[in-house]
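A quick write-up on the structure given underneath.
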């Protein structure tokens, strides 16, 4: 499915998207008056860990950010019920105009100094990112003004939290798959996982992920910018560390795009920088403190 999405074939991904929405995931970011069940950031974080664990493609965190941007605006009733129900996919442009999966999304939002715009022109050609299943498109500057003042900082907070939870799930999946691999692979007549050096690498990855987990859920409780940034930093770095360990311990097969491990390897690298690079998150934590 992720490979289909990377090729621009969204049929199977849209079917899964509808099932995810039917389970109420996107409704966790949408108020009840618009057909959602939220806002419930802790439950949303739990769900996004599992979405990352299963390498689900699509503008997942971006749809959450779009729901927060549209909340309280005159356009809320126009868009939020469809986002909660999964009948519409949304993406949000980052500074510079680039958006994830603008070719698949039907609601393309572009925050600007003067307000929030709905991009009505077709997006530019899709470009592959570090994660082939996260296709990048540039949104046109023109569009329909939806609101004069968009709460971009709050939307960024939710999008960053969702990305952190997704990265944590990616790291957990990489660890599980690597542990299974070193149990089955043998050298010198014994499992590779019995070697002390291998155990140490896996223990370091496990420790990083377990330290990131409470930061993610603590940030979901508080929704304070510094705590969300700390969670994003910890989860992104833990997933990236685990990805490097997984690649090393799988050997040459880990480098092949045909091997399923690549679906999580590339996602770990992309999510590490999405909606806040490690440097940006670290600077925010240092500036605001915890």
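The values are calculated or read from the model by the stated rules, or taken from the named source; none is laboratory data. Fair warning: this is a prediction, and the values are worked out from it, not measured in the lab. Note that we place each Cβ from the backbone using ideal geometry, even for glycine, and neighbour counts take in every protein chain shown.
Quick notes
- If the condition is being surrounded by fewer than 18 Cβ atoms within 10 Å (Cβ to Cβ) and outside any loop (DSSP other than H, G, I, E, B), then region 87-117 contributes 98, 112, 115.
- Options 203, 257: the member that is surrounded by fewer than 21 Cβ atoms within 10 Å (Cβ to Cβ) and outside any helix (DSSP H, G or I): 257
- Subset of region 74-86 that is in a loop (DSSP other than H, G, I, E, B) and out of contact with any helix residue (DSSP H, G or I) (no Cβ under 9 Å at 6 or more places or on another chain) - its residue that is surrounded by the fewest Cβ atoms within 10 Å (Cβ to Cβ): 74
- Looking at 271, 202, just one residue is under 14 Å from the mean Cα position of the chain (by Cα), in contact (Cβ under 8 Å) with a residue 24 or more places away in the chain and on the phi < 0 side of the Ramachandran plot, and that residue is 271.
- Boolean, residue 134 is on the phi < 0 side of the Ramachandran plot, part of a helix (DSSP H, G or I) and touching a helix residue (DSSP H, G or I) at 6+ places or on another chain (Cβ under 8 Å): no
- Boolean, residue 68 is in a helix (DSSP H, G or I), within 30 Å of residue 175 (Cα to Cα) and not assigned by TED's automatic domain parsing to the domain that holds residue 276: no
- Selection from region 24-54 of residues that are surrounded by fewer than 23 Cβ atoms within 10 Å (Cβ to Cβ) and assigned to a loop (DSSP other than H, G, I, E, B): 24, 35, 36, 37, 39, 40, 54
- Residue identified as surrounded by fewer than 17 Cβ atoms within 10 Å (Cβ to Cβ) and either out of contact with any helix residue (DSSP H, G or I) (no Cβ under 6 Å at 6 or more places or on another chain) or assigned by TED's automatic domain parsing to the domain that holds residue 169 (or both) among 276, 251: 251
- Selection within region 119-128 - crowded, with 20+ Cβ neighbours inside 10 Å and either in a strand (DSSP E or B) or modelled with pLDDT under 90 (or both): 123
- Applying the condition of being modelled with pLDDT of 90 or more and surrounded by fewer than 22 Cβ atoms within 10 Å (Cβ to Cβ) to region 147-156 and asking which residue is nearest to the chain's Cα centre (by Cα) yields 156.
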